[in-house]
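The values are calculated or read from the model by the stated rules, or taken from the named source; none is laboratory data. Small disclaimer: the values here were computed from a predicted structure and weren't measured. Here the Cβ is made from the backbone with ideal geometry for all residues, glycine too, and neighbour counts use every protein chain on show.
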Amino acid sequence: MAHLYLIAQIAGRAVAIDSNQVESVVDIGEVTAIPRAAEHVRGLAALRSRVVTVVDTQSALGLESSGEARRAVITHIDGHHYALLVDALEDVAPFDLLPLAGGFALDSAWRNAGRGIVERDGEPILAIDLASLVPGHAVAAE
Amino acid sequence: MDDLLQEFIAETRETLEALSGEIVAWESSPDDKSRLDAIFRFVHTVKGSCGFLDLPRLGRLSHAAEDVLAQARSGDRFPDRAMVNAVLAIVDRIGELVEAIDSGTSLDDSGDELLIAALAEGAEEVAQTNVPGIQRAASRSVRLNVELLDRMMSGMSDMVLARNELARRLRQGEIEPAVEAALERLSLTVGEMRDTVTRTRMQKIDALFSALPRMVRDTAAGLGKSVSLHIDGADVELDREMIEVMRDPLVHIIRNAIDHGIEGPADRRQAGKRENGRLIVSARQSGNQIIIEIADDGRGIDVERLIKKLSASGARNERDLRALSERQKLDLVFEPGLSSKDEVTDVSGRGVGMDVVKSSIEQIGGRVELDNAPGKGLRLAIHVPLTLSIISAIVVGVGKQRFAVSRQAIEEIVTERGEAIRIDTIGGAQVVTVRDRRLPMIDLGSLLGVPRTQSETGQMLAIVSVSDGSYALSVDTVLDNEELVIKPASPAVMSTGLYAGQTLPDSGLPMLLLDCAGMAHAAHLDFTRNAGHAYDEVEAEEVAKGLPALLFCDLDGVRRAVPLGIVDRVEQVDAQSVRHTGGQLRIAIEGRILPLVAQGDYDETKRLNVLRLKDGESEVAYVIDEAMDIVVLPEEIVPARAPGPVAGVVLLDGEQVELLDAYWVFGEYAGNEGEGAQPICLLADDADGWMTSFVRPLLEGAGYRVVTELDTGERASVVLSGDAEVEAAKGLAAPLVRLRRRKTAKPGDDSIYRYDRAGLLSALEDRIAANGGR
């Protein structure tokens, strides 16, 4: 069954994010750092009266942090709002989620996040679960 | 009690509504366990509430239903159709009764016994009766979801932020008075709204206390004790959420008090106490915190036994424990895994120790204090912040970052370079000595890994108290004092253990609230272990560099400082004792008259704060508004432009403070009442008494002691004589000053015209000086 997915760029790779997990897409302003927090927690940012925890998605996936991403996908997990930084947003379109076929050797972080594959014009795109990228929830998400 | 009743009605009504589905479902499948449980819980709750609300009819009905349902749950009885019907009839009756209570109408109770009888096994099925609908009373209160309140709160802070933004934008350009006024009104309304919205989250602490009488009675009865409970301050308001958090700790503490604290009647008689134990639970608001006190007149905490128990369990070394201070020994009650009673009872011996109580209270930013009187009782005070959501916080800066610290946790703030502050490094740990207290220090910058900025004024030290002890938190700057709306932070933030929440101050930039206890933990401060040695010693104070001075607020509102050395004391005097006499203000103090300096108007009806300044000989009183602090004067003093009461200006904590010119004050005001080593002026040949009556006051005003005859052993510093060469003056080893009657002097005459005030005084001074001293 086709479902709406948001296609974003993270670390130069296209990923598909279930639109149910996406509350909004914003550009993040100034970020207040959180000393001693996990490395991929960039800090806190204000979205109007709401304070969101900004997650450096790239480093959460075990990649080098580019540190430049400003655009973020806002998601709501367990009563808290998170902003997951993405390089760019490409598209919102309905796709069919296909299972991750065996034999794909994904990196560990990608494997944790990966939920399946969607196919865009013949190009396979990894569908990821945002909750698995958020520290403190990563364990809970399977 | 009315509130309680209302709450009971609302709750029962709500549960009944929710339960209606369950009831129907249960009817169709009577052996469904989960439905059975839901209905059982309902009648059980109703029964419990009826007990202390004094609703015997409801109590009887629910009790009967509960019994039958309990049998069904344990499998002793199969829930057949007859039983289901009977129970449902009772549930219906409960609903009707509740409505009747609410609307104040009465309901015929003739059917009750029938309903109860119908519950018995093998009884006839009850016919479903339909009582004509009872008018539902319009309710004056509504029950709201906390989430809705939270949304209201966040909407409120949105509004505050929008207002700030608007104000900022408007102020950038020319602003019309009409717009300004409108903005002002908006600000006011928003402020009021914020207060109101905050209040919606508050609830009377009565909600917490109302269940206590019943609980105390039951608990005491179960233990064969008799306890009278006294509740005070049930009107105090507390955050609703906090009331929920407090519930279990409070119950635990009270059970503890009855079980462990209050002795059995026989023991009490033996100890000379009344058989009835007394338990006092009170709540009061003090500043921005609520203090809940639980006091009993039991045996108190047996510290000896605590130590024995802890050392016996092998958790702690007995010698270490004995070395602790009394306070720390007492705090051992909060050690995990400790039951201060030897045998476990079903009342409090449930593996929930005081450590759990303490940690749950600390979770909401509170702390627990103990006041133990062995043999006489224990008083336990729980301090909790007034509201979880809005706290008064101090904003501190480290490097480029800002953090909030709950004001409640901060005892005082001192500068690193302040007087009586020294920082030492002991075995790699930094230790601050503030006056006679030695505290561990946490450098916030290095704890958080934030690079510090080098500041000119030195670091600021916030003395933070957590329930275990205190420590000094070293920060770069102390910026502000703000009311902040604190919200919980995400797990990613909380997992650091350093933060208590997040907030969005008016600046629009998120800020973290530091968790004072968490920081102590992260810095591995262990108060219980080393405290006994570190704190209780009082070490000789290091002499501070720089001149200590008293900072005060003067009558004219200016902050001034005066060197501490000349301040004899600060005291309060009646303004009535101040009079304008003899050309200046004077004050009568301790039977003496002191010159009084006042740099501004004072309220004559009030008591005045007076500094008594002493330069060793003379004394001057100086009226101030209030004394503020003791500071150390920096070396750099910018001198004043002209001589006067102000010697110069110094910079204290970035603020300009005038330094009082003690020299000028004494020069101007003191002098006429000195004592001790004053120069003696001998009046020789004062036959006509002119000198005694005319010159003497002048001389005394100038600080001389005037005599007409020398006591044995006394030596005059100077002799004053009349026109003639007097025999009496001769032979005295003192310089002589002669006074002449005529204005003009003959050539070679060194005498002084007797009305030449200045000439006379300077001549006296010159002669004394020439003679080499006094």
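Look at A:R50 and say whether it is among the basic types (K, R) and over 19 Å from B:L504 (Cβ atoms).
No; evaluated as a whole, the condition is false for this residue.
Would a scan of the range B:656-664 turn up a residue that is in the same structural domain as B:I589 (by TED's automatic domain parsing), closer than 30 Å to B:R705 by Cβ, surrounded by fewer than 17 Cβ atoms within 10 Å (Cβ to Cβ) and at pLDDT below 80?
yes
Residues in the range B:422-430: is at least one surrounded by fewer than 23 Cβ atoms within 10 Å (Cβ to Cβ), touching a Lys or Arg at 6+ places or on another chain (Cβ under 8 Å), modelled with pLDDT of 80 or more and not assigned by TED's automatic domain parsing to the domain that holds B:S325?
No, the range B:422-430 has no match at all.
Could you figure out which of (1) on the phi < 0 side of the Ramachandran plot; (2) at the interface with chain B (Cβ under 10 Å from one of its Cβ atoms) isn't true of A:A14?
Single failed check for A:A14: (2).
Okay, residues lined up against (1) of a type in the set (V, I, T); (2) assigned by TED's automatic domain parsing to the domain that holds B:Q430; (3) under 26 Å from B:R437 (Cα atoms); (4) modelled with pLDDT under 80:
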residue: B:L525; (1), (2), (3), (4): no, yes, yes, no
residue: B:E541; (1), (2), (3), (4): no, no, yes, yes
residue: B:G557; (1), (2), (3), (4): no, no, no, no
residue: B:A561; (1), (2), (3), (4): no, no, yes, no
residue: B:G565; (1), (2), (3), (4): no, no, yes, yes
residue: B:S577; (1), (2), (3), (4): no, no, no, no
residue: B:G582; (1), (2), (3), (4): no, no, no, yes
residue: B:P595; (1), (2), (3), (4): no, no, no, no
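Kindly indicate the residue of the range B:597-622 that is among the β-branched types (V, I, T) and either modelled with pLDDT under 75 or in contact with a helix residue (DSSP H, G or I) (Cβ under 9 Å, 6 or more places away or on another chain) (or both) and also surrounded by the fewest Cβ atoms within 10 Å (Cβ to Cβ) among those meeting that condition.
Among those that are among the β-branched types (V, I, T) and either modelled with pLDDT under 75 or in contact with a helix residue (DSSP H, G or I) (Cβ under 9 Å, 6 or more places away or on another chain) (or both), it is B:T605.
Looking at B:V737, is it hydrophobic (A, V, I, L, M, F, W, C) and modelled with pLDDT of 75 or more?
So B:V737 fits the description; yes.
Taking only the range B:148-159 into account, find how many residues are touching a residue at least 24 places away in the same chain (Cβ under 8 Å) and more than 8 Å from chain A (Cβ to nearest Cβ).
Within the range B:148-159, residues that are touching a residue at least 24 places away in the same chain (Cβ under 8 Å) and more than 8 Å from chain A (Cβ to nearest Cβ) number 5.
One line per residue, one yes/no per condition, for (1) among the small types (G, A, S); (2) modelled with pLDDT under 85:
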{"site": "B:V245", "(1), (2)": "no, yes"}
{"site": "B:D248", "(1), (2)": "no, yes"}
{"site": "B:N276", "(1), (2)": "no, no"}
{"site": "B:Q285", "(1), (2)": "no, yes"}
{"site": "B:I290", "(1), (2)": "no, yes"}
{"site": "B:G298", "(1), (2)": "yes, no"}
{"site": "B:E304", "(1), (2)": "no, yes"}
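May I ask you to say which residue of B:S210, B:S187 is out of contact with any strand residue (DSSP E or B) (no Cβ under 8 Å at 6 or more places or on another chain), surrounded by 12 or more Cβ atoms within 10 Å (Cβ to Cβ) and outside the structural domain of B:E275 (by TED's automatic domain parsing)?
B:S187
Might you let me know whether the range B:226-234 holds any residue that is over 35 Å from the mean Cα position of the chain (by Cα), at negative phi and surrounded by fewer than 17 Cβ atoms within 10 Å (Cβ to Cβ)?
The answer is yes; a qualifying residue exists.
Would you point out the residue of the range B:485-494, among those that are facing another protein chain (nearest Cβ under 10 Å) and in a strand (DSSP E or B), that is nearest to A:L44 (Cα to Cα)?
Restricting to residues being facing another protein chain (nearest Cβ under 10 Å) and in a strand (DSSP E or B), the top hit is B:K487.
Of everything in the range B:335-390, what is at pLDDT below 80, hydrophobic (A, V, I, L, M, F, W, C) and outside any strand (DSSP E or B)? Give them in sequence order.
B:L338, B:V344, B:V347, B:V352, B:M354, B:V356, B:I364, B:L386, B:L388
Please give the number of the condition B:I205 fails out of (1) surrounded by 18 or more Cβ atoms within 10 Å (Cβ to Cβ); (2) within 14 Å of another protein chain (Cβ to nearest Cβ); (3) within 30 Å of B:E11 (Cβ to Cβ).
(2)
Conditions (1) surrounded by 15 or more Cβ atoms within 10 Å (Cβ to Cβ); (2) at pLDDT 85 or above, marked per residue:
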{"position": "B:V414", "(1), (2)": "yes, yes"}
{"position": "B:E419", "(1), (2)": "yes, no"}
{"position": "B:D443", "(1), (2)": "yes, yes"}
{"position": "B:S446", "(1), (2)": "no, yes"}
{"position": "B:M460", "(1), (2)": "yes, yes"}
{"position": "B:S465", "(1), (2)": "yes, no"}
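Any idea how many residues of the range A:69-79 are surrounded by fewer than 23 Cβ atoms within 10 Å (Cβ to Cβ) and either within 11 Å of A:V134 (Cα to Cα) or within 11 Å of chain B (Cβ to nearest Cβ) (or both)?
Qualifying residue count for the region: 4.
If we keep just the residues of the range B:495-504 that are within 8 Å of another protein chain (Cβ to nearest Cβ) and not polar (S, T, N, Q), which is surrounded by the most Cβ atoms within 10 Å (Cβ to Cβ)?
This residue is B:L504.
For the range A:27-68, how many residues are more than 14 Å from chain B (Cβ to nearest Cβ) and assigned to a strand (DSSP E or B)?
Selection size over the range A:27-68: 1.
Take B:R13 and tell me if it is in contact (Cβ under 8 Å) with a residue 24 or more places away in the chain and surrounded by fewer than 18 Cβ atoms within 10 Å (Cβ to Cβ).
Yes.
Can you find a residue that is free of Cβ contacts under 8 Å to residues at least 40 places away in the same chain, assigned to a loop (DSSP other than H, G, I, E, B), over 30 Å from B:E263 (Cβ atoms) and more than 14 Å from chain A (Cβ to nearest Cβ) anywhere in the range B:410-428?
Within the range B:410-428 (the criterion being free of Cβ contacts under 8 Å to residues at least 40 places away in the same chain, assigned to a loop (DSSP other than H, G, I, E, B), over 30 Å from B:E263 (Cβ atoms) and more than 14 Å from chain A (Cβ to nearest Cβ)), the answer is yes, since at least one residue qualifies.
Give the range B:475-493 a look and list any residue that's over 27 Å from the mean Cα position of the chain (by Cα) and either among the hydrophobic types (A, V, I, L, M, F, W, C) or not assigned by TED's automatic domain parsing to the domain that holds B:R402 (or both), or say none.
If the condition is that a residue be over 27 Å from the mean Cα position of the chain (by Cα) and either among the hydrophobic types (A, V, I, L, M, F, W, C) or not assigned by TED's automatic domain parsing to the domain that holds B:R402 (or both), then B:A492, B:V493 are the ones that fit.
Okay, residues lined up against (1) closer than 28 Å to B:V398 by Cβ; (2) touching a strand residue (DSSP E or B) at 6+ places or on another chain (Cβ under 7 Å):
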{"residue": "A:Q9", "(1), (2)": "no, yes"}
{"residue": "A:G12", "(1), (2)": "no, no"}
{"residue": "A:I28", "(1), (2)": "yes, yes"}
{"residue": "A:R48", "(1), (2)": "yes, no"}
{"residue": "A:S59", "(1), (2)": "yes, no"}
{"residue": "A:R71", "(1), (2)": "no, yes"}
{"residue": "A:D78", "(1), (2)": "no, no"}
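If we scan the range B:473-484, do we find a residue that is facing chain A (nearest Cβ under 10 Å) and either outside any strand (DSSP E or B) or hydrophobic (A, V, I, L, M, F, W, C) (or both)?
no
For A:S19, are the conditions met, namely being in contact with a Ser or Thr (Cβ under 7 Å, 6 or more places away or on another chain) and away from chain B (no Cβ under 14 Å)?
No.
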